[in-house]
Amino acid sequence: MGKLLQINPVVRDSTSTGRIMRELGEFMMARGWESYIAYSKGRDGVPRHSSQLIPVGSKADVAWHWLLTRLADRHGLCSKRATRKLIAQIEKIQPDIIQIHNIHGYFLNYPILFQYLAQCGKPVVWTTHDCWLYTGHCYHYDAAGCSKWKTGCGHCPQKREFPASWLLDRSKRNYQDKKAAFNSVPELEIVNISRWMQEEMKQSFLAGARFHLIPNGIDLSIFHPRESASPAVSVVLCVASIWSREKGIYDILALSRQEDLKGRLVIVGQLEAPILRLFPSDVRHIPRTENALELARLYSAATVLVCPTYQDNYPTVIMEAIACGTPVVTYDTGGCPELVTPGTGYIVPQGACSALIQKTKEILQSGKDRYRDACLERARSAFDKNQRWNDYLKLYNTLLIHENTPTG
């Protein structure tokens, strides 16, 4: 039927992009397509996978790219040999669709890659998981309140954030380099996973691209209400892969100090020991889990999920909680308001910690059952991953028809 090549630095299921690539590849293979995934060998080794894997570079390549990023802010401008080898592989495979997820990650040279993509004649789809592709440095700017990406960057306030540069600030030049490279592909197809990012990108140097809205989905065969032992008290759940200021850990700390919430708070995710020690002893901490079934049980046992994020595109944890029948309280950040609809929880202004705490207590007082039916209906209608993969298949078919239609 066709050949799909996806590109991303990591392929592990423990990362959201890795899981998305695997599931999308499996969906396409079930419909007769061949699925290939190019990934950073220096980041992920040689994992087992149902798609045909194309390892890119080595640990030494990643280390050198990392060093030049730290010293000279040259992220995405190293790895020339590894990128040329990847292009040779692409030429051999001759994919019908080339789909980019992330190319930042110390493994590719984007000017070389896009010089090839601009002339190869293949449809190029880029799914936007963060903001790196249209900024001069950062992968997200919401928490920093920075809008320099609209005018050209320079004097970056997040120079030391991923991909961190210890010395030089090359953000203005990076902006110009990205603008030239990424606008070189005729009719670049941008897939946004949230309306929020789509509206942001329409104000960027990629405003001339063709935009499509395909939100991420989740596996509803895993994330649904699970039978579990009823906790003695109502549970306030907070979940993140890695907790940070941007994920709202200090707002969670304020929540933990509420007298009437003692013994109710459960935090899931990687949390640095000095910050963990600030929390009361009655707070339960579960280190980062990669077990989806375990997460589904935690969501199902919780009364409410609190997600005080200050920068996010389309948080998976919100979808997972709602699919398990658990309402959510979150900030008006990124794509969060697109996920939490009336009856499935509450959106409060970003940084309004008192309102976050108030709405959390409101759900605890009214009970989870009040929200359960609305949550499950929301998940059925909007979060099913198979619906989202089918949206991609429709897009691919449209692009192939367009490519094969004679002009003139």
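Among the residues that make up region 384-407, is at least one of them among the acidic types (Asp, Glu), in a helix (DSSP H, G or I), surrounded by fewer than 17 Cβ atoms within 10 Å (Cβ to Cβ) and without any contact (Cβ under 8 Å) to a residue 40 or more places away in the chain?
no
Taking region 294-315, which residues are open to solvent by less than 30 Å² (accessible area, probe 1.4 Å) and acidic (Asp, Glu)?
ASP312 - this is the single residue of region 294-315 that is open to solvent by less than 30 Å² (accessible area, probe 1.4 Å) and acidic (Asp, Glu).
Could you tell me whether GLU320 is in contact with a strand residue (DSSP E or B) (Cβ under 7 Å, 6 or more places away or on another chain), part of a helix (DSSP H, G or I) and not aliphatic (A, V, I, L, M)?
yes
Given the residues GLN365, GLN350, GLN387, GLN358, which is the only one that is more than 30 Å from GLU187 (Cα to Cα), among the polar types (S, T, N, Q) and under 21 Å from the mean Cα position of the chain (by Cα)?
GLN350
With respect to ILE222, determine if the residue is part of a loop (DSSP other than H, G, I, E, B), of a type in the set (A, V, I, L, M, F, W, C) and either more than 30 Å from GLN119 (Cα to Cα) or touching a Lys or Arg at 6+ places or on another chain (Cβ under 6 Å) (or both).
Taking the combined requirement at face value, the residue satisfies it.
Restrict the check to region 142-150 and report whether at least one residue is within 21 Å of the chain's Cα centre (by Cα), closer than 17 Å to ASN109 by Cβ and at pLDDT 95 or above.
No; the residues of region 142-150 include none that is within 21 Å of the chain's Cα centre (by Cα), closer than 17 Å to ASN109 by Cβ and at pLDDT 95 or above.
Going residue by residue through region 353-370, is there one that turns out to be closer than 27 Å to ASP142 by Cβ, of a type in the set (Ser, Thr, Tyr) and open to solvent by 40 Å² or more (accessible area, probe 1.4 Å)?
Yes, region 353-370 has at least one match.
So if I check each of LEU68, LEU77, LEU24, which one is touching a Cys at 6+ places or on another chain (Cβ under 6 Å) and modelled with pLDDT of 95 or more?
On inspection, the qualifying residue turns out to be LEU68.
For every residue, the table says whether it meets (1) touching a helix residue (DSSP H, G or I) at 6+ places or on another chain (Cβ under 8 Å); (2) closer than 26 Å to GLN387 by Cβ.
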| position | (1), (2) |
| --- | --- |
| GLU23 | yes, yes |
| MET28 | yes, yes |
| ARG31 | yes, yes |
| TYR36 | yes, yes |
| SER40 | yes, no |
| HIS49 | yes, yes |
| LEU53 | no, no |
| ALA60 | yes, no |
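If you check HIS75, HIS65, HIS49, which single one turns out to be open to solvent by less than 50 Å² (accessible area, probe 1.4 Å), closer than 24 Å to TRP132 by Cβ and either part of a loop (DSSP other than H, G, I, E, B) or without any contact (Cβ under 8 Å) to a residue 24 or more places away in the chain (or both)?
Matching residue, one of HIS75, HIS65, HIS49: HIS75.
Any idea which residue in region 188-208 is nearest to TYR396 (Cα to Cα), counting only those that are in contact (Cβ under 8 Å) with a residue 40 or more places away in the chain and in a loop (DSSP other than H, G, I, E, B)?
Filtering region 188-208 for residues in contact (Cβ under 8 Å) with a residue 40 or more places away in the chain gives 188-197, 200-201, 203-206.
Going one step further and asking which of them are in a loop (DSSP other than H, G, I, E, B), we end up with 188, 193-194, 203-206.
Values: LEU188: 13, ILE193: 16, SER194: 19, GLN203: 26, SER204: 25, PHE205: 25, LEU206: 21 Å.
The selected residue is LEU188.
Out of all the residues in region 258-293, which are open to solvent by 20 Å² or more (accessible area, probe 1.4 Å) and under 21 Å from ARG372 (Cβ atoms)?
ARG264, ALA292, LEU293
Do you know which residues across region 112-130 are among the hydrophobic types (A, V, I, L, M, F, W, C) and either within 27 Å of ASN216 (Cβ to Cβ) or buried (at least 18 other Cβ atoms within 10 Å of the Cβ) (or both)?
ILE112, LEU113, PHE114, LEU117, VAL124, VAL125, TRP126, listed by residue number.
Failed condition for GLU320, given (1) touching a helix residue (DSSP H, G or I) at 6+ places or on another chain (Cβ under 7 Å); (2) acidic (Asp, Glu); (3) farther than 24 Å from ARG264 by Cβ, with all others met?
Going through the list (1) touching a helix residue (DSSP H, G or I) at 6+ places or on another chain (Cβ under 7 Å); (2) acidic (Asp, Glu); (3) farther than 24 Å from ARG264 by Cβ, GLU320 breaks only (3).
Just to be sure, is ARG380 open to solvent by 30 Å² or more (accessible area, probe 1.4 Å) and more than 24 Å from the chain's Cα centre (by Cα)?
On the way: open to solvent by 30 Å² or more (accessible area, probe 1.4 Å): yes; more than 24 Å from the chain's Cα centre (by Cα): no.
So ARG380 fails the test.
The values are calculated or read from the model by the stated rules, or taken from the named source; none is laboratory data. Every value quoted in this text rests on a predicted model; they were computed, and no experiment measured them. Positions of Cβ are backbone-derived with ideal geometry, glycine not excepted, and every protein chain shown enters the neighbour counts. The protein model used for the area step is the full one, side chains on, heavy atoms only, and it has no ligands, DNA or RNA in it. Shrake-Rupley method; radii C 1.70, N 1.55, O 1.52, S 1.80 Å.
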